[in-house]
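What follows is a single structure, written as structure tokens, with notes after it.
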Amino acid sequence: MTIPTLPLNNGTSIPQLGFGVFRVDPAETERIVSDALEVGYRHIDTAAIYGNEEGVGRAIAASGIPRDELWITTKLWNGDQTDASAAIDRSLTKLGLDAVDLYLIHWPVPSQDTYVQAWTSLVEIANSGRAKAIGVSNFLVPHLQRIIDETGVTPAVNQIELHVDFQQTELRAFHAEHGIATEDWYPLGGGTLNDSAELTAIAEAHGVTPAQAILRWHLQLGDIVIPKSNHRERMAENIDVFGFELTDAELTTIAGLDQGDSGRRGGHPLQVGA
Ligand code: NDP
């Protein structure tokens with residue numbers, strides 16, 4: 001299984017499909033990530049706040065997979081925005097790594113107004129070699145514009161909530177204009193999107209599951225996508241999405257499922273951490 005990569009604005013290339021570990025029990029993480037690596041995932045998305053970086057690190061070490069064949073992302077938690085350098089050192093110790101491939105500011109938390117300071121620290125962290133690429137998560141256009149204006153450094157990635165009923169067209173357009181890769185969290189809508197009649201029909205036309213059709217849509221948008229599953233058979237299902245292609249008509253049908261802002265299921269970037 002070869003997963004395509006996407007070039008980022010700092011010259012690195014990220015595997016377009018990865019494995020997310022939000023809400024993966026720390027006690028189960030080593031086994032679950034080991035399963036994901038065996039199934040063929042080479043990109044793992046964790047965060048300090050998930051509490052499972054140690055399990056991810058143990059799975060990486062046990063896998064024997066060369067470090068340069070893996071892509072590891074972790075994230076700076078909100079309370080650590082004024083001391084990102086110490087926070088990434090803690091994450092690296094837990095992961096058992098010298099560097100991550102991508103370090104993200106998890107939420108902007110505009111009410112605490114420290115995200116520009118945090119972004120300046122991430123630039124220094126990248127210069128020190130502790131993160132190969134740096135980016136943000138859950139940033140809205142004004143937050144992106146401000147860090148670009150104040151530091152002159154454009155994030156490589158903005159990891160945002162994005163699924164078929166919340167397609168984020170305005171934010172994606174800003175990303176495209178500025179060379180920021182869009183990384184989609186909650187890509188399967190937490191597994192709740194599979195019942196849609198349109199998606200079921202599209203999946204049947206290709207002999208795949210609705211989850212596979214949805215993940216194929218994320219890939220054909222040109223986004224990075226990081227589905228999560230505790231189950232090995234679903235891990236295998238979710239990575240087996242490179243043998244078919246959605247048609248333009250199917251892409252148009254899925255575009256019609258967008259509910260705009262009312263499709264948001266997770267926290268609002270102006271409210272989380274406030
Ligand atoms: P997903 O959209 O990936 O949904 C995961 C859920 O869908 C799980 O309940 C899983 O169940 C189920 N599922 C997985 N595969 C299938 C399938 N093939 N068929 C049916 N159901 C399926 O949501 P997440 O919230 O986990 O998002 C993915 C990743 O994004 C996270 O793990 C995390 O890394 C990242 N994320 C980032 C955020 C941020 O603020 N930056 C916020 C939220 C997520 P089961 O496990 O039982 O198989």
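The values are calculated or read from the model by the stated rules, or taken from the named source; none is laboratory data. Since the model is a prediction, treat every value here as computed from it, not as a measurement. Heads up, the Cβs are rebuilt from the backbone with ideal geometry, glycines too, and the neighbour counts pull from every protein chain shown.
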(request) Those residues that are touching a helix residue (DSSP H, G or I) at 6+ places or on another chain (Cβ under 9 Å), over 12 Å from Ile214 (Cα atoms) and hydrophobic (A, V, I, L, M, F, W, C), I need them from segment 245-254; list them, please. (result) none
(request) Might you check whether a residue that is within 16 Å of the ligand (Cβ to nearest atom), assigned to a helix (DSSP H, G or I) and closer than 13 Å to Gly273 by Cα occurs anywhere in segment 110-118? (result) yes
(request) Taking the residues in segment 12-38 that are touching an Asp or Glu at 6+ places or on another chain (Cβ under 9 Å) and of a type in the set (Val, Ile, Thr) as candidates, determine which candidate is surrounded by the most Cβ atoms within 10 Å (Cβ to Cβ). (result) Val21
(request) From the list Ala59, Ala47, pick out the single residue that is crowded, with 17+ Cβ neighbours inside 10 Å, within 20 Å of Leu188 (Cβ to Cβ) and in contact (Cβ under 8 Å) with a residue 12 or more places away in the chain. (result) Ala47
(message) List the residue pairs whose Cβ atoms are under 7 Å apart, where the first residue sits in segment 84-98 and is farther than 15 Å from Arg67 by Cα, the second is among the small types (Gly, Ala, Ser) and assigned to a helix (DSSP H, G or I), and the two are 6 or more positions apart or on different chains.
(response) Ala84/Ala118; Ala84/Ser121; Ser85/Ser121; Ala87/Ala48; Ser91/Ala48; Lys94/Gly57
(message) So, in segment 85-107, how many residues would count as being among the small types (Gly, Ala, Ser) and in a helix (DSSP H, G or I)?
(response) 4
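For segment 256-274, enumerate the residues that are farther than 25 Å from Pro26 by Cβ and not in a helix (DSSP H, G or I).
Listed by number, the residues that qualify are Gly256, Leu257, Asp258, Gln259, Arg264, His268, Pro269, Leu270, Gln271, Ala274.
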(request) Would you check which residues across segment 178-194 are near the ligand (Cβ under 10 Å from one of its atoms), of a type outside the set (D, E, K, R) and touching a helix residue (DSSP H, G or I) at 6+ places or on another chain (Cβ under 7 Å) and list them? (result) Pro187, Leu188, Leu193, Asn194
(request) Assess whether Pro155 counts as being surrounded by 15 or more Cβ atoms within 10 Å (Cβ to Cβ), in a loop (DSSP other than H, G, I, E, B) and within 8 Å of the ligand (Cβ to nearest atom). (result) no
(request) Kindly list, by first and then second residue, each pair from a residue in segment 160-173 that is in a loop (DSSP other than H, G, I, E, B) to a residue that is among the β-branched types (Val, Ile, Thr) and at pLDDT 95 or above, limited to pairs with Cβ atoms under 9 Å and residues at least 6 apart or on different chains. (result) Leu162/Thr182; Leu162/Val225; Val164/Ile214; Val164/Ile254; Gln167/Ile254; Gln168/Ile160; Gln168/Thr182
(request) Look at Glu161 and say whether it is among the charged types (D, E, K, R) and within 10 Å of the ligand (Cβ to nearest atom). (result) yes
(message) Checking Thr253 against (1) more than 16 Å from the ligand (Cβ to nearest atom); (2) of a type outside the set (A, V, I, L, M); (3) assigned to a loop (DSSP other than H, G, I, E, B): exactly one of these is not met. Which one?
(response) (3)
(request) Sort out which residues of segment 195-235 are part of a helix (DSSP H, G or I), within 12 Å of the ligand (Cβ to nearest atom) and without any contact (Cβ under 8 Å) to a residue 24 or more places away in the chain, and write them in order of number. (result) Asp195, Ala203, Pro210, Glu233, Arg234
(message) Please go through segment 60-75 and give me each residue that is among the charged types (D, E, K, R) and away from the ligand (no atom under 13 Å from the Cβ), ordered by number.
(response) Arg67, Asp68, Glu69
